[in-house]
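What follows draws every value from the coordinates through simple rules; no lab data is involved. For clarity, every value in this text was computed on a predicted model and none was experimentally measured. Please note: Cβ atoms are built from the backbone with ideal geometry, for glycine as well, and neighbour counts cover all protein chains shown.
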Amino acid sequence: MDLRLALRRYGDLLLAGSLALLLTSEVLLWKRTNDSAAIPAALLSTLPLALRRRSPLVGFSLTAAGSFVLAYLTRDFDDSSLGVLVVFLVALYSLGRHTRGLEAGIGALFVLGLGQSLFAESITAVKLTASYKAVVTRYTGTPAKRAGC
């Protein structure tokens, strides 16, 4: 079998398995976690990437759900994990690259909602500096005090 054909056929499965191995090993090495709940969440956030070409919206949705559960179960893990970053970037790329038509519109709404929730979480979790408040004011169009800063 030609290498290019094999990668086209099994590449997504190989990518999902590799990322699952990376993220699961990072969760196991993380000292401040309940492994019995965090490992299934890590698998839920990586294994749906095997669907990234055939059903990108489903793959992205399951990956985002697993990532949110993993972030909830393992506080501060996502700040120091390479696997979380790679999974997030691959999921976003796959959603943008492999969706068309109505599915692309729904995916864009998902990404906007995800960005808004991450931005709102970062506003409440961080003690804001004056420059950060200026960025909030600039990009949200509301003064930082009204935005909850």
Per-selection Rg to Rh, region 1-97 - Cα, Kirkwood hydrodynamic radius: 1.01
For each of 95, 112, count neighbouring Cβ atoms within 10 Å of the residue's Cβ, then give the residues from fewest to most. 112, 95
For the pair residue 28 and residue 55, the simple spin-label estimate (label points 7 Å beyond Cα toward Cβ) gives in nm 2.9
